[in-house]
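The values are calculated or read from the model by the stated rules, or taken from the named source; none is laboratory data. As the structure is a prediction and not an experimental result, all values here were calculated from the model. Cβ: placed from backbone, ideal geometry, glycine included. Neighbour counts: every protein chain shown. The accessibility values were calculated without ligands, DNA or RNA, using every heavy atom of the protein model including side chains. Shrake-Rupley method; radii C 1.70, N 1.55, O 1.52, S 1.80 Å.
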Amino acid sequence: MEPKTVRRANGALAPARHVAPDSAANALIAGTVVLTLDGALPVEFIDAGDRVITRDSGMAIVRRVQRRRRHVACIGVRAGSLGNTRPDRDAVFPASQEMLVRDWRAGALFGASQALVPMGRLVDGEFVRDLGMLEVDTIELVFDTPHILYADGLEVASTAKVGQDA
């Protein structure tokens, strides 16, 4: 996974249209590989104090990790279906997990150059599939402020802030 950032001429990140409700729960499923300063690690090996590579700030420190076993609606994404090596392998995400969409889909589906969208809104039935309700281990990485993380080659949102629970 290679982090790639697109910035405006003044160096600021272009704003994204937020398509998810404010109550969106952002948590990753055990086995999802996240880019950290220690390399690409499965999310279940990340703990509070670890440094994660982010699209918006370069690096952020994990303040809290919440682990839960629960039934959630899941989405399966076929390797390479959302761009060149995006994701870099077949991946499973909770349907509520927000993803930063920065390609033609953002304009065609959401009327913006980029959009923060729950994975469930991207289901096409072939490359992005609804897997139904699955019992999975979810791991929520909590930071001081929201960030965009690199997970299985996709840009996904973290939890909004330290005080929020999913």
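Scan the range 120-153 for residues that are surrounded by 15 or more Cβ atoms within 10 Å (Cβ to Cβ), assigned to a loop (DSSP other than H, G, I, E, B) and charged (D, E, K, R) and jot them down.
Correct list: ASP152 only.
Quick grid of which residues meet (1) assigned to a loop (DSSP other than H, G, I, E, B); (2) loosely packed, with under 15 Cβ neighbours inside 10 Å:
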| residue | (1), (2) |
| --- | --- |
| LEU35 | no, no |
| VAL65 | no, no |
| ARG70 | no, yes |
| GLY80 | yes, no |
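Table: residues versus (1) β-branched (Val, Ile, Thr); (2) on the phi > 0 side of the Ramachandran plot; (3) open to solvent by 50 Å² or more (accessible area, probe 1.4 Å); (4) in contact with a helix residue (DSSP H, G or I) (Cβ under 8 Å, 6 or more places away or on another chain).
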residue: PHE45; (1), (2), (3), (4): no, no, yes, no
residue: ASP50; (1), (2), (3), (4): no, no, no, no
residue: VAL62; (1), (2), (3), (4): yes, no, no, no
residue: ARG89; (1), (2), (3), (4): no, no, yes, no
residue: PHE93; (1), (2), (3), (4): no, no, no, yes
residue: SER113; (1), (2), (3), (4): no, no, yes, yes
residue: PRO118; (1), (2), (3), (4): no, no, no, no
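Can you pull out the residues in the range 104-119 that are without any contact (Cβ under 8 Å) to a residue 40 or more places away in the chain and assigned to a strand (DSSP E or B)? Spell out the reasoning first.
Residues of the range 104-119 that are without any contact (Cβ under 8 Å) to a residue 40 or more places away in the chain, as a first pass: 104-105, 107-109.
If the condition is that a residue be without any contact (Cβ under 8 Å) to a residue 40 or more places away in the chain and assigned to a strand (DSSP E or B), then no residue fits.
Are there any pairs, at least 6 apart or on different chains, whose C-beta atoms fall under 9 Å, with the first in the range 124-135 and over 15 Å from ALA79 (Cα atoms) and among the acidic types (Asp, Glu) and the second in a strand (DSSP E or B) and open to solvent by 80 Å² or more (accessible area, probe 1.4 Å), and if so, which?
GLU135/ARG69; GLU135/HIS71
Evaluate the following for ALA25: is it in a loop (DSSP other than H, G, I, E, B), open to solvent by less than 30 Å² (accessible area, probe 1.4 Å), under 26 Å from ASP103 (Cα atoms) and modelled with pLDDT under 95?
Working: in a loop (DSSP other than H, G, I, E, B): yes; open to solvent by less than 30 Å² (accessible area, probe 1.4 Å): yes; under 26 Å from ASP103 (Cα atoms): yes; modelled with pLDDT under 95: yes.
So ALA25 passes the test.
With respect to SER96, is the statement that it is modelled with pLDDT under 90 and assigned to a loop (DSSP other than H, G, I, E, B) true? Can you show your working first?
Working: modelled with pLDDT under 90: no; assigned to a loop (DSSP other than H, G, I, E, B): yes.
The answer is no for SER96.
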